[in-house]
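The values are calculated or read from the model by the stated rules, or taken from the named source; none is laboratory data. Note that the structure is a prediction, hence the values are computed from the model and not measured. Reconstructed Cβ throughout: ideal geometry from the backbone, glycine too, with neighbour counts over all protein chains shown. When the accessible area is computed, the model is the full protein with side chains, heavy atoms only, and any ligands, DNA or RNA have been set aside. Shrake-Rupley method; radii C 1.70, N 1.55, O 1.52, S 1.80 Å.
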4 protein chains.
Amino acid sequence: MAIYLLNDYGAAAHPAVISAITDLGDREYAGYGMDELSAEAASTIKGLTGRPDADVHFLIGGTGANLTALAAFLRSTEAVISPSEGHINVHESGAIEASGHKILTVPTVNGKAAAADVREMAKLHTDEHTVIPRLVFISQSTEYGTVYTLDELRGFREVCDELGLYFYLDGARLGYAIAAEPEASFKAIAELTDAFYIGGTKNGLLMGEAMVISNDALKKGFRNSMKQRGSLLAKGFLIGAQFSAILKDGLYIGLADHANKMANLLTSELKAIGVEFALDGMTNQIFPVVPTAVKDRLEMDILLIHWGKYAEGLETLRLTTTWQTTEETVAAVVDIFKAALG
Amino acid sequence: MAIYLLNDYGAAAHPAVISAITDLGDREYAGYGMDELSAEAASTIKGLTGRPDADVHFLIGGTGANLTALAAFLRSTEAVISPSEGHINVHESGAIEASGHKILTVPTVNGKAAAADVREMAKLHTDEHTVIPRLVFISQSTEYGTVYTLDELRGFREVCDELGLYFYLDGARLGYAIAAEPEASFKAIAELTDAFYIGGTKNGLLMGEAMVISNDALKKGFRNSMKQRGSLLAKGFLIGAQFSAILKDGLYIGLADHANKMANLLTSELKAIGVEFALDGMTNQIFPVVPTAVKDRLEMDILLIHWGKYAEGLETLRLTTTWQTTEETVAAVVDIFKAALG
Amino acid sequence: MAIYLLNDYGAAAHPAVISAITDLGDREYAGYGMDELSAEAASTIKGLTGRPDADVHFLIGGTGANLTALAAFLRSTEAVISPSEGHINVHESGAIEASGHKILTVPTVNGKAAAADVREMAKLHTDEHTVIPRLVFISQSTEYGTVYTLDELRGFREVCDELGLYFYLDGARLGYAIAAEPEASFKAIAELTDAFYIGGTKNGLLMGEAMVISNDALKKGFRNSMKQRGSLLAKGFLIGAQFSAILKDGLYIGLADHANKMANLLTSELKAIGVEFALDGMTNQIFPVVPTAVKDRLEMDILLIHWGKYAEGLETLRLTTTWQTTEETVAAVVDIFKAALG
Amino acid sequence: MAIYLLNDYGAAAHPAVISAITDLGDREYAGYGMDELSAEAASTIKGLTGRPDADVHFLIGGTGANLTALAAFLRSTEAVISPSEGHINVHESGAIEASGHKILTVPTVNGKAAAADVREMAKLHTDEHTVIPRLVFISQSTEYGTVYTLDELRGFREVCDELGLYFYLDGARLGYAIAAEPEASFKAIAELTDAFYIGGTKNGLLMGEAMVISNDALKKGFRNSMKQRGSLLAKGFLIGAQFSAILKDGLYIGLADHANKMANLLTSELKAIGVEFALDGMTNQIFPVVPTAVKDRLEMDILLIHWGKYAEGLETLRLTTTWQTTEETVAAVVDIFKAALG
């Protein structure tokens, strides 16, 4: 059977999360996230982020989280500034535009945007013939597995303060980022952003994302927006229970850290046999470059993503590790590469 | 501890559904509902509905299902005709309007609208100063636990054919309706509507609703609409697995039938001790009427919904049974009523 | 040729307005309303309304004015409370919903809503399953030619203050209202509302409506909203020039007052010959009731609106006077009624 | 007084258009464009375009025309492909996104996009995580005064046919384009596009744009969309009268041709004194390049647009001619350049 390095949401959930679900038994819970399990998870998150004053909400998936938040935060003439490869710009089927808001894009290097480009883009929009830039969107880690440093995050905050913008962070893969760059911690991110979410789906949960809103101006009516956008799960306690489980004993960061380590190990072993990489990542997504024929052979034994053409005759691949990836997996993948490379 | 008759989504899921989740183990599945479990569930549904040609999609919750469908089906100037008490009109926080569509309402009796009123409402809208009525929305069973008969459903179909409208049915509680009114079967509903959904959340699933689209004109681009509206679960196999489990051996209708029977039993026993009802339901929601002071006493021992004032000094309550309700529950509730009524 | 009492926007414009256009000559003006003529008209309006601090914007038509304002003022989960017969609810082809907002309706008597009903409707919306009522919409004069008294307007203001709602007034026919009820003056309305517009199209202009925004919280980004909604005329000076002309020497109220007088004269003369009226108006729209056969005869000689069935065999008509209606017109209409009534 | 070359919508209207307005006198006309003058203008346009089967509608302004059309034509998951510098993408304050649709951009050379890039962009969007490209938007002439040749227009049509896209043309400055490139005639454009509009505002009208819809699938409900988007002028006969006047005796193309000739004359005379141009236009917008200090001097005597920095120390200017520009204007401008260049 092929080895699964396709993505980090292929399996149901970590055993601790499954236990949290089965432990629910036949008891009834308050609906729509008003239950004690959600309250407990929210309390844990307020502790982790050092923001007892934050509002914490549990949403179902990443696209829903982004569209619920941005629709709630923005007025009709206001726009988002996003990296050109930001998830909202390319992989959410126009969800932000469907809620009425233009996305202005800034260029990226290895998936990361620069604060200076955000400033320049915002400053281009000065009259009533254009939209009003109002919110900066980034993903941490990015869609390329790269991670913004604490200094880079501070750079975005400064631009936002300077120009009156909100700073919003899509943390679908936040665990991987914090494991790789511990300085850019939950606390630091909660301090620097106006709102962000802690992704569950891509790090061991069945589903669920935890939105943390620090800016008071963005708190009002958020649950109405959740309901309006289909993001308010009737059995919200399911998400509360899962987050309570995964946030216990450092499990959330621990799982991500393991995945990162497996990705790093795989990277170094592949480099040792001469494989080049399209970019240097630090988290659970890695991007080896191989000749086209090698790609074809690899795809027979490894489930991966063909990311695109790297150069004439060369292909970029994406391999993704998870909490399930083992050293044995890594060794097997290296063997497959060796065989494919001839 | 108080007896839970608050709603039909208070507990996690039926044991067979929980087993379906735990049976997933650590295996990986294709994402976004492209997995074999979802395919199997879709195939079962095509069989049940007698529509091998239908498109079946698995969505997460009721509000998301309705807004995804209506946003996909309607053009920007087109409107929905809904019973005034339809879920989309009063309990979805303006989700349909947020996707750009006006809801025109027709009056109800016990939660049910009449085809004649739909015809009249549609015919009022004839020029460019008004919206273009294009889709008829009903819930089966209704928000009042009542059920449209097969003849009534045919009446809506006739009006829709006559006026070029789509007929869409919200089946959040469809199991309860079919158990109560078997003539209005999956097959009949699939034949009479252009699209409808089979509700999972309110009948034993953790979450999940199965959309069945019979009308070819409504099929194209539906998965894009799901993604755009946050209704495409990354781990869609979770919903596929649950539906596969609940649709096995008639469990879905069986659970609903049990809940209906408990509701009927409770109704007859309460009537026997002199309790009156605001309306005669057939499904798992019942609406006893009691003096205000009695309501207060009941609420100490039963979790229920205070539906509103019935008349001076009299209150309507809503009690909801589920697959978990037992004859012992019913007996205990009757005892509590007796005590409260003095 | 039939006498024209169909509506108040059948003719191009008052001669003073036409002169204002021809006087523009071949000179160039700043675009998008940034010209000196618009500035002059805005200054006049600030004087008339006693609000030197207001923002005044010139928009093209009534539907555009309403949708531009409400889209600018409301967040995505916020809703409008409107009389059931409010123009935005029945005659703007779902423009408000198309911009994402639900309209909650309150009942009317002769086209007028009651503040108490607004309060009750707002108070029904308390949880996240519903929209958040945020703005009260009324028309002055109403779609039935009736006029809210100063006390009634104060009643709406009180409810709005009590519940944190904006109060918005559609003044498509504001001139007629002020002429009929001078106490509810420009100044009073500017003081009581958060925003309102002074209608030009229906009182002597080619086109144009003047939005007056008193509430500072609603001012920001309004020109962006105008551009976004297609309400920012490239040659905005055309509207500025027209308002400058019509607001000179009391012409705006004078024209409306004349129309009201003609309507009152016609009403009293028709009453004198035994015609009954569906309601007692004070402005330029009147609603006589006649037998069906009489209606058919009248329609051969008078262009009017058949408003609907009044009772079995009786029809309500709408006759609208304008600044062009003369005493001769009135006399001729009375003769036609006499002949038709036999 | 400074010479006005700022844009082509600075003056009220051509005398023939003003006469058409004053000729309306005090007569009443049917509302909302259902009048005989609009019918006459529509009939003329059907003749000019060789499309007796087309639907012709009169809208107020360019942004309104674009948003009304695209909102009417597209379903909620469908997107527009536009040149990156297309008017809808940069100068309409997010109007298209506010109606729910993403704009995908392709690169431009001198404001013109290439059909091959449209094909490539469309083909990138193949799964449900992306929007569905559905309509190609171009402007003729472009925002840079350049004109697509008949062959280029055919290229877009081919891509559209190949991929099932609509082809929509924004003709805000269509007169200038046809005057410059007569082969790409009204008839050719009506044959190649699914819908386009003939711009009035920027070529001699007070306001008004004539939408021509050839594709039957796009005709239904268009007037509702006009009303919903605030684009249905109550006194629609004002636009009908203006188009009737400007389309008489070839005046519409004649005015544009004159403006083009003045632009060409100015270009050749400026080139003769050594001025370089950022691009070679053919219509009424020209883009000379001058040192920064020269720009500052020119701006004292000419109203023009500073288009941006051309290179270090060099600025691109935009000068726009109109039907009002004379040979004397050209000579005066040349003198001012000579003096400024020293």
Fill in the blank from the handout: The rounded separation in angstrom of the Cα centers of the range A:149-211 and the range D:72-135 is 30 Å
Problem - At 7 Å out from Cα toward Cβ: D:S84 inter-copy label distances (nm, ascending) - result: 0.7, 5.5, 5.6
Handout entry: Label-to-label distance, nm, for residues given as B:E328 and D:A30 (7 Å Cα→Cβ offset)
Key = 7.6 nm
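Where the only charges are on Cβ atoms (+1 Lys, Arg; -1 Asp, Glu), what is the dipole of chain A about its Cα centre, to the nearest 20 debye? Please report the intermediate quantities before stating the final value.
Working: 28 positive and 43 negative charges, 103 e Å.
Computed charge dipole of chain A: roughly 500 debye.
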Completion exercise
Taking the chain alone as reference and the full protein assembly as comparison, with a 1.4 Å probe on protein heavy atoms only, the residues of the range B:124-160 that lose at least 20 Å² of accessible area are B:E128, B:H129, B:T130, B:V131, B:I132
Practice task
Would you look at the GNM of chain C, springs on alpha carbons closer than 10 Å, and say which of C:E276, C:E28, C:E85 moves the most?
Solution key: C:E28
Handout entry: Accessible surface, the protein assembly as shown, averaged per residue in Å² (probe 1.4 Å)
Key = 33 Å²
Problem - Given charges at Cβ of Lys, Arg, Asp, Glu: the range B:15-249 dipole, positive-most of B:L163, B:V118, B:N203 - result: B:N203
Practice task
State, in square angstrom and to the nearest 100, the accessible area buried between chains A and B, both chains counted, probe radius 1.4 Å.
Solution key: 3400 Å²
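Want the number for D:M300 to D:E162: 0.36 nm per residue separation, take away the alpha-carbon distance, what's left? Spell out each step's value before the answer.
Values: separation 138, 0.36 × 138 = 49.68 nm, distance 5.18 nm.
Taking 0.36 nm per residue and subtracting the Cα distance, the gain is 44.5 nm.
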Problem - Beta carbon of chain D nearest to the axis of the rotation taking D to A, residue and angstrom distance - result: D:E97, 2
Practice task
May I ask you to report, in nm to one decimal and beginning with the shortest, the distances from D:D127 to the same position in the other copies, taking label points 7 Å along Cα-to-Cβ?
Solution key: 3.9, 4.3, 5.1
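Which value in Å is the Kirkwood Rh of the protein assembly as shown over different Cα pairs? Walk me through the intermediate numbers first.
On the way: mean 1/r = 0.0297 Å⁻¹.
Every distinct Cα pair counted, the radius reaches 33.7 Å.
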Practice task
With label points built 7 Å along Cα→Cβ from the Cα atoms of A:K338 and C:S268, find their separation and express it in nm.
Solution key: 10.9 nm
Practice task
Using R₀ = 51 Å, calculate the FRET efficiency as 1/(1 + (r/R₀)^6) where r is the Cβ-Cβ separation of C:K187 and A:T126; round to 0.05.
Solution key: 0.90
Fill in the blank from the handout: Amide H neighbours of D:Y4 at under 5 Å, excluding residues fewer than 5 places away on the same chain, with H built from the backbone geometry, are D:L303
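Taking the DSSP beta bridges in chain A as the whole, what percent of them are antiparallel, to the nearest 5?
Numbers: 23 of 42 bridges.
Antiparallel bridges: around 55 percent, rounded to the nearest 5.
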Completion exercise
Bounding extents of the range B:15-249 in its principal axis frame from Cα atoms, largest first in Å, are 58, 36, 31
Handout entry: Buried on assembly, the range B:45-79 (at least 50 Å² less accessible surface than by itself, 1.4 Å probe)
Key = B:R75, B:S76, B:T77
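Grab the DSSP H runs of chain D that are 4 residues or longer, score each as -39,500 (n - 2.57), total them, divide by all residues and round the 222 nm result to the nearest 500 deg cm²/dmol.
Values: 14 runs with 143 residues, N = 342.
Calculated from helices alone, the mean residue ellipticity at 222 nm is -12500 deg cm²/dmol.
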Problem - Total formal charge among the other residues, if their Cβ is under 10 angstrom from that of B:Y32, Lys/Arg +1 and Asp/Glu -1 - result: 0
Practice task
Take the solvent-accessible surface of the protein heavy atoms, probe 1.4 Å, and return the percent of it on the range D:15-249 that carbon and sulfur atoms account for.
Solution key: 49 percent
Problem - Among D:A16, D:A39, D:Y29 the positive-end extreme of the charge dipole of the range D:1-67 (Cβ point charges) - result: D:A16
Handout entry: Of A:A180, A:A30, A:A241, the one that fluctuates the most in a GNM where chain A has Cα springs shorter than 10 Å
Key = A:A30
Fill in the blank from the handout: If labels are modelled 7 Å from Cα along the Cβ direction, D:A311 lies from its partners in the other copies at nm distances, smallest first, of 3.1, 8.8, 9.2
Handout entry: Residue of B:H125, B:H14, B:H101 that the Gaussian network model of chain B assigns the largest fluctuation, springs spanning Cα pairs under 10 Å
Key = B:H125
Problem - FRET E, pair A:R154, B:L279, Förster distance 60 Å, beta-carbon r, rounded to 0.05 - result: 0.45
